[in-house]
Ligand SMILES: Cc1cc2nc3c(=O)[nH]c(=O)nc-3n(C[C@H](O)[C@H](O)[C@H](O)COP(=O)(O)OP(=O)(O)OC[C@H]3O[C@@H](n4cnc5c(N)ncnc54)[C@H](O)[C@@H]3O)c2cc1C
């Protein structure tokens with residue numbers, strides 16, 4: 001018989017923003033919720049980390065969030081879940097800069113200015129630009145409705161879907177196909193797709209619906225949480241704990257317990273990350289903790305924020321029949337990234353930076369970047385495995401995203417920067433399964449080479465940048481895989497290609513009674529997308545009445 005400590009009203013697997021949203025909203029309905037997180041820091045991709053005794057602080061997966069103006073529905077939702085403790089500050093008016101070989105375009109936080117600037121630069125495409133601003137809005141609306149479909153009564157869904165599909169022609173095509181049908185100018189087509197890193201798919205891969213969702217999300221500019229991304233989880237955890245719930249870290253769910261087709265609990269193991277120590281002793285302790293008998297917890301509702309791939313293929317026991325396993329296993333994989341975390345000696349304002357994002361492209365051909373996205377590959381090939389792979393003439397990335405967390409965070413002690421670029425998971429195959437921080441000299445060397453080439457790349461666009469650097473640390477797809485548990489270190493969940501829109505396993509509901517998904521794979525990538533996955537799941541778990549009460553509390 002499970003004791004009281006093992007029983008909760010709901011169990012959430014993973015403490016990303018999707019998981020915390022469900023937990024906090026259920027806590028607001030007086031439910032006792034258990035959140036189990038395998039990392040030693042809660043928050044999923046909203047968490048941050050520090051180095052040099054707290055001097056340098058970085059965000060792992062939050063650089064800017066849209067639609068957070070005073071009174072916006074998403075901000076109100078955050079206020080509700082955090083009891084008003086999470087504050088936001090707006091980024092500079094020119095919050096996104098797209099840097100191309102022969103010009104730079106800055107996106108204005110006023111959408112009318114953004115449009116006017118585009119028309120001024122590409123007057124011959126005026127009609128197409130005007131149409132584009134209408135079409136992305138309708139593509140985004142379609143995509144969001146598509147994600148909310150599960151909320152309709154099941155018997156109505158087939159007919160509604162058939163009607164709804166008629167209106168989806170714009171949203172379900174690829175972004176490239178839309179751009180090719182509506183524009184001639186190659187530079188403009190590239191420019192309009194510049195934020196593809198926000199959803200991790202080049203224009204030929206992404207569905208136009210997700211492009212619309214992301215571009216329109218930033219129509220009134222970018223916001224950043226006061227204190228950084230890591231300021232999000234603590235007040236949400238307070239809400240969960242005030243209702244008697246718990247958030248436990250270093251607790252990895254190893255199995256969802258399913259009896260007679262109904263999810264009733266989870267098995268949990270200690271997830272030891274060798275945080276503080278090294279050497280044989282630390283490894284022995286880690287492995288002792290890892291190998292301890294799993295604990296079990298029980299609840300009438302189980303919600304997974306661990307992603308569709310992990311939930312269906314790793315957490316539901318293979319003995320339980322699930323119709324989708326093959327389709328999930330064979331589905332396109334999301335793309336991983338490198339992130340270079342930099343501690344700076346001086347403020348980057350010295351070079352004119354003000355806290356905006358810089359998307360630096362060496363080419364207008366985003367697909368070429370997608371194909372040559374293996375920065376590690378040429379380096380590996382050239383320096384370590386000379387005969388096995390090609391090498392780029394200059395070993396240089398084709399693209400990098402640059403941001404400055406400290407310029408957006410008034411409480412930052414030291415100045416910081418982050419450079420993100422596309423990665424190829426397969427280049428790291430040989431180190432898969434190796435212990436964190438014990439992957440050997442080859443891995444460390446490769447990381448230094450990648451770090452150097454990313455720094456050189458930024459330096460070539462912003463001379464003087466390199467001299468600002470005091471500290472550098474690179475995260476690879478293996479880092480993400482280790483700390484986040486995501487399949488192949490992917491960062492945006494199941495990729496938003498047109499085929500995703502057809503998959504029955506994308507969404508909150510699962511074929512297992514009382515088991516739900518939340519987060520990115522229940523809705524869409526991004527902080528707000530994953531949070532909306534949480535809202536939808538809460539409605540399905542807690543029922544509409546709880547939500548009606550909640551709406552009265554929010555407005
Ligand atoms: C480099 C990077 C930059 C980004 N920049 C932005 C940005 O600027 N703006 C924006 O809106 N979005 C951004 N994103 C995307 C955004 O961070 C994510 O889409 C969102 O946070 C995902 O939330 P989630 O709840 O779906 O999942 P996650 O945050 O991935 O959380 C899942 C959690 O589940 C845990 N978990 C997995 N398996 C288990 C298990 N078996 N047992 C226990 N716990 C488990 C993981 O450790 C993790 O904590 C970025 C992401 C990255 C990586």
Some residue of the range 395-411 being more than 22 Å from the chain's Cα centre (by Cα), under 20 Å from residue 338 (Cα atoms) and modelled with pLDDT under 75: yes
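Residues are listed down the side, and each one gets a yes or a no for (1) under 25 Å from the mean Cα position of the chain (by Cα); (2) more than 25 Å from residue 101 (Cβ to Cβ); (3) at pLDDT 55 or above; (4) buried (at least 19 other Cβ atoms within 10 Å of the Cβ):
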| position | (1), (2), (3), (4) |
| --- | --- |
| 332 | yes, yes, yes, no |
| 342 | yes, no, yes, yes |
| 348 | no, no, yes, yes |
| 358 | yes, no, yes, yes |
| 367 | yes, no, yes, no |
| 376 | yes, no, no, yes |
Any hit, the range 418-435, residues being under 20 Å from the mean Cα position of the chain (by Cα), more than 27 Å from residue 214 (Cα to Cα) and at pLDDT 90 or above: no
Filter result for the condition that a residue is surrounded by fewer than 17 Cβ atoms within 10 Å (Cβ to Cβ) and in contact (Cβ under 8 Å) with a residue 12 or more places away in the chain, over 186, 156, 192, 201: 186
Tally of residues being buried (at least 23 other Cβ atoms within 10 Å of the Cβ) and either over 23 Å from the mean Cα position of the chain (by Cα) or on the phi > 0 side of the Ramachandran plot (or both) across the range 213-227: 1
Criterion (surrounded by fewer than 17 Cβ atoms within 10 Å (Cβ to Cβ), modelled with pLDDT under 95 and within 13 Å of the ligand (Cβ to nearest atom)) met by exactly one of 274, 294, 336: 294
Qualifying residue in the range 526-547 (condition: part of a loop (DSSP other than H, G, I, E, B) and free of Cβ contacts under 8 Å to residues at least 60 places away in the same chain): yes
The range 440-494, subset assigned to a strand (DSSP E or B) and touching a helix residue (DSSP H, G or I) at 6+ places or on another chain (Cβ under 9 Å), residue farthest from the ligand (Cβ to nearest atom): 469
Count of residues meeting criterion [in a loop (DSSP other than H, G, I, E, B), over 24 Å from the mean Cα position of the chain (by Cα) and either at positive phi or surrounded by fewer than 16 Cβ atoms within 10 Å (Cβ to Cβ) (or both)] in the range 239-267: 3
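The values are calculated or read from the model by the stated rules, or taken from the named source; none is laboratory data. Being a predicted model, the structure only gives us computed values, none of them experimental. Using ideal geometry, Cβ is built from the backbone for each residue, glycine included, and neighbour counts are taken over all protein chains shown.
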